[in-house]
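Worksheet: one structure, shown below.
No value in this document is a laboratory result; all are computed from the given coordinates. Keep in mind that this is a model prediction, so the values were computed, not measured. Cβ placement follows ideal geometry from the backbone for every residue including glycine, while neighbour counts extend to all protein chains displayed.
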Amino acid sequence: MTNYLVYDVFSQSPFGGNQLAVIPDATALPEHDLQRIAREFNFSETTFVYPPADPQNTARVRIFTPTMEVPFAGHPVIGTAVALADLGKGPDMVLELGIGPLTCQAQSGQARFSTSATLERIAEPDTDLVARALGTSADQIALTSHRPVMASLGLAFTLTELASRKVLSELTPDVGAFREGRDAFPSSLDFAQFAYVRDGDTLHARMFAPLDNIPEDPATGSACAALGAFLAQLENRDLDLTIHQGDDMGRPSLIGLKTKNGAVTISGAAVQTMQGTLVY
């Protein structure tokens, strides 16, 4: 039998943030069951932890959404790092991910990781298509700073600034438009949308990926990292931002983001809410 842990990530309190299932020792699990287990949990991600390929590193971590394995995602890294710290690892760690080794620090329910991966600007999807996907009108997309841009630090998101917090709260995604976007931009995988409003160093955001069985995500560290890298390039300066996500779905999340000389650091809390055993 294999044990699992459930953490709420980017929250200091249970039942906030983004749920994550962690399998702290996945060595006994058959390969063909990994995707099925992730689908059974049906969280936005599940992580499977293995011994590292390099014994100097802490662990090898595989990340699965309900429909696919992904090379990198932010809240699984934060949550898995806190889980490993709770199990006696750390505070300094190197996790082997699909994008390569990632340096993390975790202790006392808090974690952070930094990535120096090069930001990939994949495309600028049509504003009308993005507006339809988000369920708003094109005139509610703010274009003063930038047009909607598909960007990635390991996982692709379309980054879109909106006109107001009210517009953000009233979004009603259109799955048909997501399918159009996926077909037009196959490298996006699922045409995931990360929409935000900004007030100085404070941002409010929402993320939708219905084609990946994630109608809305309460906290998306990889999207925040891509946005931070993009804005730092756009403004040609380092940033120190606080991102609120999940408020409109009743799972408030708080994500810290800093950039320095091209690197992006994501930080946040995680709290364990459940534990159990796979008995199939």
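Determine the distance separating the Cα centre of the range 37-57 from the Cα centre of the range 150-181; give it in Å without decimals. The range 37-57 and the range 150-181 have Cα centres spaced 27 Å from each other. Can you tell me how the range 181-254 classifies by the Cα gyration tensor, rounded, prolate or oblate, using a/c under 1.5 as the rounded cut? Oblate, since a/c reaches 1.5 and b/c is not below a/b. Note on the range 48-134: with charges restricted to the Cβ of Lys and Arg (+1) and Asp and Glu (-1), its dipole about the Cα centre is near 220 debye. DSSP bridge analysis restricted to the range 178-280 gives an antiparallel fraction near 85%, rounded to the nearest 5.
Suppose only helical runs count, i.e. DSSP H with n ≥ 4. What mean residue ellipticity at 222 nm does that imply for the chain under -39500 (n - 2.57) per run, divided by all residues and rounded to the nearest 500 deg cm²/dmol? About -6000 deg cm²/dmol. The convex hull of the Cα atoms of the chain, projected and averaged over all directions, covers 13.7 nm². Taking other C-beta atoms within 10 Å as the exposure proxy, Phe10, Phe194 rank Phe194, Phe10 from fewest upward. Projecting the Cα atoms of His244, Pro148, Thr136 onto the dipole axis of the range 120-261, where Lys and Arg carry +1 and Asp and Glu carry -1 at the beta carbon, places His244 farthest toward the positive end. When the chain is described by a simple charge dipole with +1 on each Lys and Arg Cβ and -1 on each Asp and Glu Cβ, the residue from Ala192, Gly276, Ala163 located farthest towards its positive end is Gly276.
For the peptides 130-143, 218-231, the ranking by packing is 218-231, 130-143, with the highest mean count of neighbouring Cβ atoms within 10 Å listed first. Angle of helix 74-86 to the longest C-alpha principal axis of the chain, folded into 0 to 90 degrees and rounded to 10: 30°.
All alpha carbon pair distances within the range 58-174 were sorted into 5 Å bins beginning at 0; the resulting P(r) in whole percents reads 2, 10, 17, 15, 13, 13, 13, 10, 5, 1, 0.
I'd like to know which of Phe178, Val22, Ala38 lies farthest towards the positive end of the charge dipole of the chain, counting +1 on Cβ of Lys and Arg and -1 on Cβ of Asp and Glu. The residue sitting most towards the positive pole is Val22.
For the chain, the longest principal axis of the alpha carbon atoms and the long axis of helix 221-235 meet at an angle near 40°. Distance distribution P(r), the range 120-261, all Cα-Cα pairs, bin width 5 angstrom from 0: 2, 11, 22, 26, 23, 12, 4, 0 percent.
Arranged from fewest to most other beta-carbon atoms within 10 Å of their beta carbon, Val22, Val271, Val279 become Val279, Val271, Val22.
Taken about its Cα centre, the range 35-181 carries a charge dipole of about 260 debye when Lys and Arg each add +1 at the Cβ and Asp and Glu each add -1 at the Cβ.
A simple charge model with +1 on the Cβ of Lys and Arg, -1 on the Cβ of Asp and Glu and nothing else charged puts the dipole of the range 120-261 at about 240 debye relative to its Cα centre.
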